[in-house]
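Notes follow the structure.
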Amino acid sequence: MGMDSLKTLAIKNQKLKEKHKISVVIPNYNYGRFLKERVRSILMQSVKIYEIIFLDDASNDDSQEIINEIMYEIESCIRVKKVFNKENSGSVFKQWQKGFNQADGDYIWMAEADDSCDENLLKTLIKPLRDSNVVLSYCDSMIIDGDGKMIKPSVKDEIDIRKTGHWDKPFINDGGLELHNYMFLNLTIFNVSSALIKKGNYDKIFSICADFKQAGDWLFYINLMSYGKIAYSPEIHNFYRWHGQNTTALTPRVRRLNEVKIIYFYIAKIIKLTDEQVNLIENRYKYLLKHYFNY
C-alpha cells in the first residue's frame, strides 16, 4: 500500500474533488492492531473523504491510544472526530446507529476497524450514485486472515447460494425486488465495509436491530431496501478480515442460529412468501444447523 505517512496520505486525499460528502465511520472494539492499516486504506482512496469518525466501544487494548495518535497526525489535514464509550454498548448495531447520527456527509462508509480495502473501493461504489434513488452501493469482497493473507478470493458463492448468476455483473435494482427475489433467503451483502449507504434517519430500523449480536446487519438491510434502489459491482475491492475475534466468531452458534430464525419469521410477516420460498427457507435453515461459518 505504500509507505507514505498518514498525514501525507491525508493531504493527498484532501486535494481530490468529489461532489458527494463521504463520512467514514470506523467502529472499533479491541482492534488496535489493525487501526493504522485501516486508516491507511481509507486515506489511500482515489475519492475525497469528507470526514473520519472513530467510534470506540470501551476497548481494553491500546485502541484508544492508537486512535489518539492517528488523530494527532491527521487532524490538521482532514475533518476527524472520536466518540469513546465509557462502557461497552454490547451491540455492534448501536454503534452503527451512533455513527449515522454523528455523520454529516451525504453517504456513510461503515469501515469496520479490522477490515481493509484497495484504493478503488469508493471510486467503484460511488459510480451508481448518479441515480438519486440509490440508498446503498456495494461490491464483492475477498476474505483475508489476521495477517492479510487471502482465505477466499471472492464471497460470491456465499451470497449467490442458489447460483442464480445475479451477482456476475453490475446492477441497480429496486430494493423491494432484491428482498423478494434474493435477500429473503440469505444475507446478500456480506460485509458492511463493502458498502456505501445514503445518509438518513434510520433510528426506527436500528431500534429493532439493537438486541442482535450478529445477524442485525441482515435485519438492517431488509428494512433499508424499502427506502430505494440497491447497486452492486462484482469488482473485488473490499477485504473482510476473518481472524477469530470477529463478532460472528465470538457469538455463540446457538444464538446465531436463533437470530437467523427470528429474521425468517420477520421476513414472513413483511412479504408474502410463495410455497417455493418457504421450502427454500426451510432447507436453508437445515443446512445452517450443520454448517455455519467454517473459515
Kindly indicate the residue of the stretch 150-182 that is of a type in the set (Asp, Glu) and more than 19 Å from the chain's Cα centre (by Cα) and also surrounded by the most Cβ atoms within 10 Å (Cβ to Cβ) among those meeting that condition. 174
Would you say residue 246 is modelled with pLDDT under 95 and surrounded by 15 or more Cβ atoms within 10 Å (Cβ to Cβ)? yes
Report, by residue number, each residue of the stretch 39-60 that is among the hydroxyl-bearing types (Ser, Thr, Tyr) and farther than 12 Å from residue 112 by Cβ. 46, 50, 59
Output yes when any residue across the stretch 136-149 is crowded, with 20+ Cβ neighbours inside 10 Å, in a loop (DSSP other than H, G, I, E, B) and not basic (Lys, Arg), and no when none is. no
If we keep just the residues of the stretch 183-222 that are among the polar types (S, T, N, Q) and closer than 29 Å to residue 45 by Cα, which is farthest from the chain's Cα centre (by Cα)? 201
Just for strands (runs of 3 or more DSSP E) wholly inside the stretch 1-104: which have at least 2 residues that are surrounded by 22 or more Cβ atoms within 10 Å (Cβ to Cβ)? 22-28, 51-56
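Condition check ((1) hydrophobic (A, V, I, L, M, F, W, C); (2) farther than 17 Å from residue 205 by Cβ; (3) at pLDDT 95 or above) across all residues:
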residue	(1), (2), (3)
98	no, no, yes
105	no, yes, yes
109	yes, yes, yes
112	no, yes, yes
119	no, yes, yes
135	yes, no, yes
142	yes, yes, yes
Among all residue pairs at least 6 apart or on different chains, which show Cβ distances below 6 Å where the first residue, located in the stretch 7-31, is over 16 Å from residue 46 (Cβ atoms) and touching a residue at least 24 places away in the same chain (Cβ under 8 Å) and the second is among the acidic types (Asp, Glu) and part of a helix (DSSP H, G or I)? 7/73
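The values are calculated or read from the model by the stated rules, or taken from the named source; none is laboratory data. Bear in mind that the values here come from a model prediction, so they are computed numbers and not experimental data. FYI the Cβ positions are ideal-geometry reconstructions off the backbone, even for glycines, and counts take in every protein chain you see.
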